[in-house]
Amino acid sequence: SSPRSRGDDISRRSKSAGAVLASHQRTAPSERTEMEEDTEPVQDNPFRRRTSRTGSELEARVRDLEAMLAQQAEVLQHLRKELSVVQRDARRTIAVLQYNVLASYLGQNTQPWFLYGADITPEQRKQVFAKFYERDDSGRPKNSWPAYAEGILTPAQIAAVDRRDEVFRWSFRQYKLLEEIRQLNADVISLVELDHPDTFERALADEWDLVWRKRPRQASKDGCGVLWRRSKFRLRASRGFDFIDGEDDKGREKRDRSCLMVILEWLSDAMPLVFLSTHLAKDPDDAKQTAIRVRQVTQIMEGLTEFTQAYGAAEAPVVLCGDLNAKHFGEIRGIARTVWQVTGTPLHKFLWSASDVPTGPTSITNARHCRIDAVQFLCSQLEVLEVREMPKLPPGEVIPNEDHPSDHFPVFVRFRLKESYQMHRELARAWLQCVTGREKVHPLTEGELHYAFDFFDRDRSGSINRHDLEECCLDLRCNVHAQVQKVLLDCFPDNEIHYDDFVKAYQVRLNHERVRSIGDLECAFKYFAGERQVLPVGELERAFREITPIKFSDDEVKEMIGRMNLPVGQECVDLHRFCEVVCQASFPQKDRRKFSVPTDATGESRLSRRSNTKELCSRLNRISLNLLGTDHFHAGDFGASGSLNQRDAEVWSLTSLTPRQGMRTSLRCVAEEVPPKEQPIEKAEHPQVGARRLITVRTVE
């Protein structure tokens, strides 16, 4: 139909609807009511219908949401339990990073330790360094670039150095540094030569928190920073201090470097972790600087002892990271150990029990190619799982470059925290190896000896009997024959080992040749003596004054030398005597064991029957004399009877039964068929020669 016809139809329908409405209005009220009742279902109010429907829908929706919330609460509770398990397991591992980021104000190719682009000789570089370190009367640098190179380098060489400065720009390096830190993704990070802490804190704020300490020298803008993953650790305490390197001509303290220490807590169980970041004195090749670095290390150990005791973390795992500026870490460790060993002052066990993480060279420049960045840790509490390999550079390549934004490579290490039972078991094994074996061992502290004794003392009776020793050897997986265990117990009164004798046995068997860190002391002696085989006592005293903390007086240094118990009139010390007296000066420091002393039926204290040191030493040495390399028959004659018998054979096997990695070895000594009477051997040139006539050793893998 046409539009006009459709419009007429709509008009007619509107008039018809109006007529119906008018008729309805003229109807009587009663009739209207009746009609409204009859037509109510047809003319329902849309608003009322919508409100009723909306209310019921809301109630249903609320019930659904409540059910969903209840279900989500159950899921969250389950996730919390799973997260707790994950956190408990995750705390057993920790990834640490040591990185010298090369401070922006030091990252210039014009610095004497770089000078890339100019092919200069070592002698020229030495001359440049000499002019670079010249100072005026006020102590400020006398020469700047290129003044300290003029007259030594040619104008062409100076121009080549200026052209090679692009990779040193901070605007380029800072992003590469942050990218590398994020890629390594360590839990705890040590950044040294950090002079833009705010930049790093903002850029890494999504995952890590940071504390920073500036170097004390006013002209130095950098310092040490420590970052930790917020989702894994929280900060319990932090402390920083400046090293006192000596005094100037006017009696003022010289301070240049610093150390930053933090105690972190695992979120899962609040267990503490001690972490140190430091940067020691410069120039690894300068012997004078070595003395300063030793003095700094002694201050670190003293500060670590006080810090951990103040915050209840003396037994916590310790990790030390830093740029130590030393080619031989054992040298400065050994010298520092010498100082504190002779002082007799209680010190943190980290000084004696710390281990290095092995890496390749960490700094490769035209001036040096060596490992000076270190990650050290307590091996009794942490074990290494992963060490990131140092990048391999093409021959002649140096850093920083386009790929490596610092003159140091980052050192990344992943550790696993040893559980307490594992640590105590290893301490017990260390005691057994020391008393019955011949391996080099780390010295155990007094607290560690307590843990080792408790591991052996299975029933906590205060003594170790034959059953305790047997059970412990099984737990330690040591293939020690039952007869050998009996021979060991025969060395002690009543065939039981009390704590006093437990410590005595350890002391008499831990001589200086058995200490694993004796190599560090040998390095210390070489530092003192140079190329000489002996060291005059007077020179040793002067050297001690150079390396001891500044607070030590001359009288205290003399007292230290006196503790070495040198024979009267002896003017020189050789290497053997030096290591011997240092190790025996104060270690191990013994304390009284606090437990009740049992008595027998007669009321006699067992303490009165415990062996004296000399007697115990004699008995234990009879067991291990063959390990000392003597060339006498008596090394195999443990009973000192002038003959070798079955008992001697059994005792001989004792020190050959320590476990070896990768195989389980069982040695069994069996006497050959010989007449019942003991056979004397008078002309044996070596203990094994005589022993072969009686003993057959079988190895079972």
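The values are calculated or read from the model by the stated rules, or taken from the named source; none is laboratory data. In this text, all values refer to a predicted model and were calculated from it rather than measured experimentally. So basically every Cβ, Gly included, is an ideal-geometry build from the backbone, and we count neighbours across all protein chains shown. Only protein heavy atoms, including side chains, enter the accessible area calculation; ligands, DNA and RNA are left aside. Shrake-Rupley method; radii C 1.70, N 1.55, O 1.52, S 1.80 Å.
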Mind giving me the FRET efficiency for residue 126 and residue 253? R0 is 35 Å, r the Cβ-Cβ distance, nearest 0.05 is fine.
0.75
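Before anything else, pin down the relative contact order of segment 59-183: Cα pairs under 8 Å, at least 6 apart, normalised by residue count, whole percent. Could you put the intermediate results ahead of the total?
Values: 68 pairs, mean separation 31.8, N = 125.
Result for segment 59-183 is 25 percent.
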Roughly speaking, to the nearest percent, how much of segment 167-231's 1.4 Å accessible area is carbon and sulfur?
47
In whole angstrom, the spacing between the Cα centers of segment 107-172 and segment 456-475 equals 68
Expected field for residue 261, accessible surface area in Å² at 1.4 Å probe radius, rounded to 10, holds 0
Computed accessible area, residue 212, all protein chains, 1.4 angstrom probe, square angstrom:
90
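Measure up 214/526; 250/288; 288/440 against 23 Å on the Cα-Cα distance and list the ones that go over.
Values: 214/526 35 Å; 250/288 20 Å; 288/440 32 Å.
Check vs 23 Å cut-off fails for 214/526; 288/440.
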Find how much the distance from residue 73 to residue 133 grows on full extension, using 0.36 nm per residue of separation minus their present alpha carbon separation; answer in nm with one decimal.
14.8 nm
Might you work out the accessible area of residue 413 for me, using a 1.4 Å probe with all protein chains in place, and round it to the nearest 10 Å²?
0
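Evaluate E = 1/(1 + (r/R0)^6) for residue 235 and residue 576, where r is the Cβ-Cβ distance and R0 equals 51 Å; express this FRET efficiency to the nearest 0.05. Walk me through the numbers before you get to the answer.
Details: r = 47 Å, r/R0 = 0.93.
FRET efficiency, residue 235 to residue 576: 0.60.
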Amide H neighbours of residue 385 under 5 Å, counting only residues 5+ apart in sequence or on other chains, H built in-plane at 1.01 Å?
414, 415, 416
Fraction of accessible area attributable to carbon and sulfur, segment 368-503 (%, probe 1.4 Å)
46
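Which of the residue pairs 221/558; 176/221; 81/176; 232/254 have a Cα-Cα distance greater than 32 Å in the structure shown? Provide the component values of the computation, followed by the final result.
Numbers: 221/558 40 Å; 176/221 21 Å; 81/176 39 Å; 232/254 39 Å.
Violating the 32 Å limit, Cα to Cα: 221/558; 81/176; 232/254.
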Please list 229, 61, 477 in order of solvent-accessible area, largest first, computed with a 1.4 Å probe with all protein chains present.
477, 61, 229
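Keeping the other protein chains in place, figure out the carbon and sulfur percent of the accessible area of segment 77-146, with a 1.4 Å probe. Walk me through the intermediate numbers first.
Details: 2030 of 3900 Å².
Ligands and nucleic acids excluded, carbon and sulfur give 52 percent.
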Go through 279, 211, 190 and say which Cα lies farthest out towards the positive end of the charge dipole of segment 189-292; charges sit on Cβ, +1 for Lys and Arg, -1 for Asp and Glu.
211
Using θ = phi - 60° and the Karplus relation 6.51 cos²θ - 1.76 cosθ + 1.60, list the HN-Hα couplings for segment 323-330 in order, rounded to whole Hz, with x at every Gly or Pro.
8, 8, 6, 9, 6, 10, 5, x
Distance between modelled label sites at residue 61 and residue 207, nm, 7 Å Cα→Cβ extension
4.2
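How much area per residue is accessible in segment 412-493 when the probe is 1.4 Å and only protein heavy atoms are counted (Å²)?
On the way: 3230 Å² over 82 residues.
Per-residue value: 39 Å².
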Testing the spin-label approximation: label points 7 Å from Cα along Cα→Cβ at residue 419 and residue 287. State their distance in nm.
5.2
Nitroxide proxy distance, nm - points 7 Å out along Cα→Cβ at residue 384 and residue 537:
4.1
Cut-off under 5 Å, modelled amide H: who pairs with residue 193 long-range
223
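Whenever you get a sec, line up 526, 440 from highest to lowest accessible area (probe 1.4 Å, protein heavy atoms).
Working: 526 125, 440 90 Å².
In descending accessible area the options line up as 526, 440.
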Positive minus negative residues near residue 489 (Lys, Arg vs Asp, Glu; Cβ under 12 Å)
-3
Per residue, accessible area of segment 185-300 with a 1.4 Å probe, heavy atoms of protein chains only, in Å², comes to 40
I'd like the antiparallel share, as a percent to the nearest 5, of DSSP beta bridges with both residues in segment 220-357.
75
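Shape verdict for segment 121-177, please, from the Cα gyration tensor: rounded (a/c under 1.5), prolate (a/b greater than b/c) or oblate.
It is oblate, given that a/c is not under 1.5 and a/b is not larger than b/c.
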